[in-house]
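One structure is given below, encoded as structure tokens.
Taken together, the values in this text are just the output of simple stated rules run on the coordinates, not laboratory data. All values reported here derive from a predicted model rather than from experimental measurement. With ideal geometry, Cβ positions are generated from the backbone for all residues, glycine too; neighbour counts draw on all protein chains shown.
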Amino acid sequence: MKKRIGIFYGPTDGATERVAKKIQEAFGTDNADLIAIKDSKAGDIDKYERIIFGCSTIGKDTWQTDKPKPDWDIFRPEIEKINYKNKLFALFGLGNSITYAAVFVDSMGILAKEMLKHGATIVGRVPRCEYTFTDSEALIDGQFIGLPIDEDFEADLTDRRVKEWVEKLKSVFD
Ligand SMILES: Cc1cc2nc3c(=O)[nH]c(=O)nc-3n(C[C@H](O)[C@H](O)[C@H](O)COP(=O)(O)O)c2cc1C
């Protein structure tokens, strides 16, 4: 039986939400739920065996609760409480590969490294050669740990990037 997918994302009302919706549509709304991470606890993640996490990188502010849009920082204490057994995770990250070329989609990498420390299985890696940037925390073993999306300078590529990534994930998630 096909496993239902939980797409947990933050912040809301911006590029991350826009891309989360595109990913949901690509899987089909009957197959995937869309949930704001700021309203979620580890128990909400545990309802799913196939999970997608989406975040944007707003410098270090992504992980500072005293800044606007701290959605992932609110959730951060829950990361270690998730039951990582028998689950597959995939990540996508919003960033800007020109203005922030040396820290491109860093938050996706910071999130992934915390999850890996707790034993997460992360699928859906993306080759670095498809992007122009100088460095990223999201590079693990020479590949992006998830799907980078640049809506600031490469929005015209988003639909294709999402479609290709989801097609690959479909076979892994089944
Ligand atoms: C103050 C600020 C800091 C940012 N820092 C980074 C960064 O360090 N790395 C990066 O790749 N993008 C950075 N960005 C770009 C955002 O990640 C990008 O615009 C993203 O699409 C925002 O998504 P959101 O609207 O869902 O927050 C930054 C944007 C702003 C406004």
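Things worth noting here:
- Normalised radius of gyration (Cα atoms, divided by 2.2 N^0.38 Å) for the chain: 0.93.
- Under the combined filter of DSSP loop state and at most 15 neighbouring Cβ atoms within 10 Å, the range 102-174 retains these chymotrypsin sites (Phe, Trp or Tyr not before Pro): Phe153.
- Estimated purely from DSSP H runs of n ≥ 4, each contributing -39500 (n - 2.57), the mean residue ellipticity at 222 nm for the chain is -8500 deg cm²/dmol once divided by its residues.
- Those lysines that a straight Cα-Cα span of less than 25 Å connects to Lys170, excepting residues fewer than 8 apart in one chain: Lys2, Lys3, Lys21, Lys22, Lys47, Lys85, Lys87, Lys113
- Sparse packing (at most 15 other Cβ atoms within 10 Å of the Cβ) combined with a DSSP loop state is found for the following trypsin sites (Lys or Arg not before Pro) in the range 45-140: Lys47, Lys85.
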